[in-house]
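What follows is a short report on a single structure.
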Amino acid sequence: MSLWNWLFNPSGLTAHGFCLSWAPGLVALHAGSDALIGLAYFSIPLALAWFVRERRDLAYSWIVSLFVAFILACGTTHLFSILTLWVPVYGVEGMVKAITAALSIATAIALWPLVPKLLALPSPDQLRELNADLERRVSSRTAELQAALEQRDLLLREVYHRVKNNLQTVDALLHMQARRTTDPEAREGLGDLRGRVFALGLVHQQLMGSENLTTFDIAPFLKELSTNILQGGEHDGVTLSVAACPLQVGLDFAIPLGLLVTELVTNSLKHAFPGGVGHIAVTLAKGEDDKVLLTIADNGRGQSEAGSGLGASIIKGLVAQLDAVMRVVEDDGLKTEILAAAPLAA
Amino acid sequence: MSGLSDCVLVVEDEYLIAEGLRLQLQDIGHTVCGVAATARDAVAMAEAHRPSLVLMDVRLRGSGDGVDAALAIHARVGSKVIFVTGSREPATLERIKLDHPAAVLFKPLFGRQLQNAVEQVLAG
């Protein structure tokens, strides 16, 4: 007897329906039930497979694959049960059952040691609890950070406040001293000093008003600074224009730049206009390669005062501090250009 | 405002800052009728001198702050008040608003900031 015959037509055997005496009710009952079981056993693993496929983070998903395999095999045995009602393919049916047996027993064996591990996994309730706990901790930590930030802002404001108060005091002292000083050169020196202190004070005033307490827009600062210097000057006939691009700056950039503008505008006011009439233009523009170009130009008599005096050495030093390049051009007056790297805060 | 004298009262508890303000006012041609360091002195001096303008600090020595003093001066004398404060804290600003001040200036007051404000307030 060949294997083929053994599988598909075992000699001398009759179809299973024969055992049921081909009683139509019984055959229908068996065939119908097996058909439904088979369908269900194909449907269930498909649903399981879909679930595992979608939930890729599932722990021990291989056990579900085993379930899928053995249920599919079970379903197949039921389909063979239907077939063997009429066709005696008991060999094949037996093989399918053997495969089912192997898969079932493997699943059964694998499942026992897995149960403790599955039990050790956090349940949805535990996860919810953990999550809630985590959220509580996050929100309390956030509140702590928020409080620390507010504390920091408060301290920074207090520091700026004290710096400003001290600068105000320094200004008052200089003012008092200047009024008692008769020597014109000394008086002028004290006046220049007050101008420089003003630049420092204005920087801190801008910082106090800024949202983040560390940077502010330099455009309104330059406008106020230059206007104040002009108003402090002797000539009513000198006009001023300030055109500055918006640029967020911090202390490190604003102080040297503010002092440079103070020196240069003061220089123009003092030396450019012997007749007391003229114009000073302050501009700040963004250039190429993250550079900013500060220009202070007057239409005065065009004689450079650079190279001597305190103002000149302050300008030289601050240009170096800003890593900038300065160019002085005599062109219908005096024009000073300072090309500096834009501050990192921008 | 009738019955007010053409002078300015400075209310500031830090001597040097008060002195600085006084000098700045003098430089721009105003008479300073006095410097008060506490809210009580401020009200008493305002009643005595009837200034047309008061420069008012918020944090003062002793009991009561600049807002208390300003409210009392408004009610009893009617001077215009410019607040000069070192603080931009919202709580302070809210309190200052109670008095409907003529202007609010923030320290440090340098250069022309005081002069511009005083001229505007006295003109308005």
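The values are calculated or read from the model by the stated rules, or taken from the named source; none is laboratory data. Not measured: the values here are computed from a predicted model. Neighbour counts are summed over all protein chains in view; Cβ atoms, including those assigned to glycine, are modelled from backbone coordinates with ideal geometry.
Table for the structure above
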| read-out | value |
| --- | --- |
| Within the range A:4-23, tally of residues that are in a loop (DSSP other than H, G, I, E, B), small (Gly, Ala, Ser) and modelled with pLDDT of 85 or more | 3 |
| Residue satisfying all of: in the range A:173-221; out of contact with any helix residue (DSSP H, G or I) (no Cβ under 7 Å at 6 or more places or on another chain) and among the hydrophobic types (A, V, I, L, M, F, W, C); farthest from residue A:157 (Cα to Cα) among these | A:186 |
| Filtered residues of the range B:113-124 (kept if crowded, with 20+ Cβ neighbours inside 10 Å and within 10 Å of chain A (Cβ to nearest Cβ)) | B:113 |
| Helices (runs of 4 or more DSSP H) within the range B:33-104 that include 1 or more residues surrounded by 22 or more Cβ atoms within 10 Å (Cβ to Cβ) and at pLDDT 90 or above | B:39-49, B:66-76 |
| Selection within the range A:94-112 - surrounded by 13 or more Cβ atoms within 10 Å (Cβ to Cβ) and either within 52 Å of the chain's Cα centre (by Cα) or among the β-branched types (Val, Ile, Thr) (or both) | A:96, A:99, A:100, A:103, A:106, A:107, A:110, A:111 |
| Residue in the range A:208-224 that is among the acidic types (Asp, Glu) and within 11 Å of chain B (Cβ to nearest Cβ) present | yes |
| Checklist (1) within 14 Å of another protein chain (Cβ to nearest Cβ); (2) within 19 Å of residue A:321 (Cβ to Cβ) applied to residue A:247, failing item | (1) |
| Set A:192, A:125, A:133: member being of a type in the set (D, E, K, R) and in contact with a Leu (Cβ under 9 Å, 6 or more places away or on another chain) | A:192 |
| Total residues in the range A:166-221, condition in contact with a strand residue (DSSP E or B) (Cβ under 6 Å, 6 or more places away or on another chain), within 18 Å of residue B:106 (Cα to Cα) and either small (Gly, Ala, Ser) or touching a residue at least 60 places away in the same chain (Cβ under 8 Å) (or both) | 1 |
| Options A:243, A:219, A:312, A:281; residue that is of a type in the set (Gly, Ala, Ser) and within 31 Å of the chain's Cα centre (by Cα) | A:219 |
| Residues of the range A:156-186 classified as more than 13 Å from chain B (Cβ to nearest Cβ) and part of a helix (DSSP H, G or I), total | 3 |
